[in-house]
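Below: the structure, in structure tokens.
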Amino acid sequence: MSHKITVEGGKTVRLPTAGKYCLQDIEVTAQGGGSAAKLQSKTVYPMHEAQEVKPDAGYDGLEKVTVNPIPDTYHDTSIVNITADKMLVGTTVVQKDGSVLDGEMPDNGAVSAILDKNTTSFPIPKGYHNGDGAVSIELEGKIIDPSKDLQYAFPSDGKVLGGVMVGAIPDEYIIPEGELEITANGTHDVTAYASVNVNVPTGGGDPTALLDAALTNTLTAIDSDVTSIVAYACRGLSKLNTVNLPNATIIGTYAFYYCTAMSSFSAPKVATLNTYAFYNCDKLTSINFPLATSIPTQCFYSCGVLKKADFGAAKSIAASAFPYCAELVTLILRRPDAICTLANENAFTGTPIEDGTGYVYVPAALIETYKTASKWSTFASQFRAIEDYPDICG
């Protein structure tokens, strides 16, 4: 059955329906006795928070509530998960909670760099790059001609070597090959041979001829009056232990190259030393050349146990003269009237003189000149006066 309730105008009646089911319609009618209810229409916009819509003062109730659609400028921000460091400076985004986030990532535009021998890496700056930049190197090719001396190829300033072309050995140079058998005394041209087998009958034997012919690897000692040792003469004689050359004045290029067992060498009249002459003679402990006037490139390269080198007349020391002589603690330069010039500090690479534990002994009258001389000044603290150390210099 239907229930009807009559309410006087302007009054409010509470229906006792709490906790009950209403199985039928309830009709409420305002009748008689007062004025009609004053109702208000309202319009609202959707918001992030729930809204309670009430009539304004002076109204009995709401006749209609209009909820406008979500504006086109409003969007769902629930999926926003960006941070300021991933947004460019000058950009803004609305976060999940409606707050505004400003970008902090710098705009680097086009980042470029050129690498060279001094700049070997480039740190990529943090931030945005527009893709137009590039990191590059400027390659350079070099051409060098073959030489008997060690050569280095360096790039020009601001460039990197992309390749080095070494020219062909000229036709006038001979590549040693094959073996020469020597069975008689005399002077023999051994230039074109990689090895020489000396088989001269006992009792005959001009020492000059034997040495000039590049001695075989059965030799353990040389005691000879020869006046010169030609290039390559004793190269690679790994059993050669003792050498005495009282009259020799010239030691040729590569003459004792890789004589790895040679521990004793005497040649007091030698005036001319050539490149690579004692290269890698790693048992040689001391040398004394009273008359030699120059010490050429790599003459004593990697003589690993050479402790003392004594020169009475040396006028010049070439680049890389003593590299990797790891025990060279004493170098004596006795020339009394002028200093011995030094071509490059790398003459003592890998030696105690370089690391400050080895010393160069020179005449007291020249010691201050040495300390300020070109290239020598690097080793200023390593100079000692010969006269102050008789136990070392004699």
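Is one or more of the residues making up segment 63-76 at pLDDT below 85 and part of a strand (DSSP E or B)? Spell out the reasoning first.
Looking only at segment 63-76, we keep the residues that are at pLDDT below 85, and these are 70-76.
Now restrict to residues that are part of a strand (DSSP E or B): none.
No.
Among residues belonging to segment 38-55 that are among the aliphatic types (A, V, I, L, M) and either in contact with a Ser or Thr (Cβ under 6 Å, 6 or more places away or on another chain) or in a strand (DSSP E or B) (or both), point out the one that is farthest from D76 (Cα to Cα). Among them, the one singled out is L39.
Given the residues P146, P155, P176, which is the only one that is touching a Phe, Trp or Tyr at 6+ places or on another chain (Cβ under 7 Å) and at pLDDT below 80?
On the way: P146 fails: touching a Phe, Trp or Tyr at 6+ places or on another chain (Cβ under 7 Å); P155 fails: touching a Phe, Trp or Tyr at 6+ places or on another chain (Cβ under 7 Å).
Only one candidate qualifies: P176.
Over 28 Å from C259 (Cα atoms) and part of a loop (DSSP other than H, G, I, E, B), is that true of R384? Break it down into steps so the answer makes sense when it comes.
Working: over 28 Å from C259 (Cα atoms): yes; part of a loop (DSSP other than H, G, I, E, B): no.
No; evaluated as a whole, the condition is false for this residue.
Would a scan of segment 356-379 turn up a residue that is closer than 18 Å to Y276 by Cα, among the hydroxyl-bearing types (S, T, Y), surrounded by 17 or more Cβ atoms within 10 Å (Cβ to Cβ) and out of contact with any Ser or Thr (no Cβ under 8 Å at 6 or more places or on another chain)? No, segment 356-379 contains no residue that is closer than 18 Å to Y276 by Cα, among the hydroxyl-bearing types (S, T, Y), surrounded by 17 or more Cβ atoms within 10 Å (Cβ to Cβ) and out of contact with any Ser or Thr (no Cβ under 8 Å at 6 or more places or on another chain).
Anything in segment 324-343 that is farther than 17 Å from C259 by Cα and either of a type outside the set (A, V, I, L, M) or not assigned by TED's automatic domain parsing to the domain that holds S263 (or both)? List them, or say none. I'd like the intermediate steps shown before the answer.
Filtering segment 324-343 down to residues farther than 17 Å from C259 by Cα leaves 326-343.
Of everything in segment 324-343, those that are farther than 17 Å from C259 by Cα and either of a type outside the set (A, V, I, L, M) or not assigned by TED's automatic domain parsing to the domain that holds S263 (or both) turn out to be E327, T330, R334, R335, P336, D337, C340, T341.
Return the pairs, sorted by first residue and then second, in which the second residue is among the acidic types (D, E), the first residue lies in segment 264-287 and is part of a loop (DSSP other than H, G, I, E, B), the beta carbons are less than 8 Å apart, and the residues are 6+ apart or on different chains. From residues that are part of a loop (DSSP other than H, G, I, E, B), the pairs are T275/D149.
Filter the strands (runs of 3 or more DSSP E) completely within segment 101-174 down to those with at least 2 residues that are closer than 30 Å to A231 by Cα.
On the way: elements: 113-115, 135-137, 139-144, 160-166.
So the answer is 139-144, 160-166.
Among residues of segment 254-279 being in contact with a Phe, Trp or Tyr (Cβ under 6 Å, 6 or more places away or on another chain) and hydroxyl-bearing (S, T, Y), the one that is surrounded by the most Cβ atoms within 10 Å (Cβ to Cβ) is Y276.
Does segment 292-302 include one or more residues that are touching a Ser or Thr at 6+ places or on another chain (Cβ under 9 Å), free of Cβ contacts under 8 Å to residues at least 24 places away in the same chain, under 15 Å from T272 (Cβ atoms) and not in a strand (DSSP E or B)? Within segment 292-302 (the criterion being touching a Ser or Thr at 6+ places or on another chain (Cβ under 9 Å), free of Cβ contacts under 8 Å to residues at least 24 places away in the same chain, under 15 Å from T272 (Cβ atoms) and not in a strand (DSSP E or B)), the answer is yes, since at least one residue qualifies. Considering only residues in segment 323-353 that are surrounded by 20 or more Cβ atoms within 10 Å (Cβ to Cβ) and part of a helix (DSSP H, G or I), the one that is farthest from the chain's Cα centre (by Cα) turns out to be I353.
The values are calculated or read from the model by the stated rules, or taken from the named source; none is laboratory data. The model shown is predicted, which means the values in this text are computed figures rather than measured ones. Cβ atoms come from the backbone with ideal geometry, glycine included; neighbour counts cover every protein chain shown.
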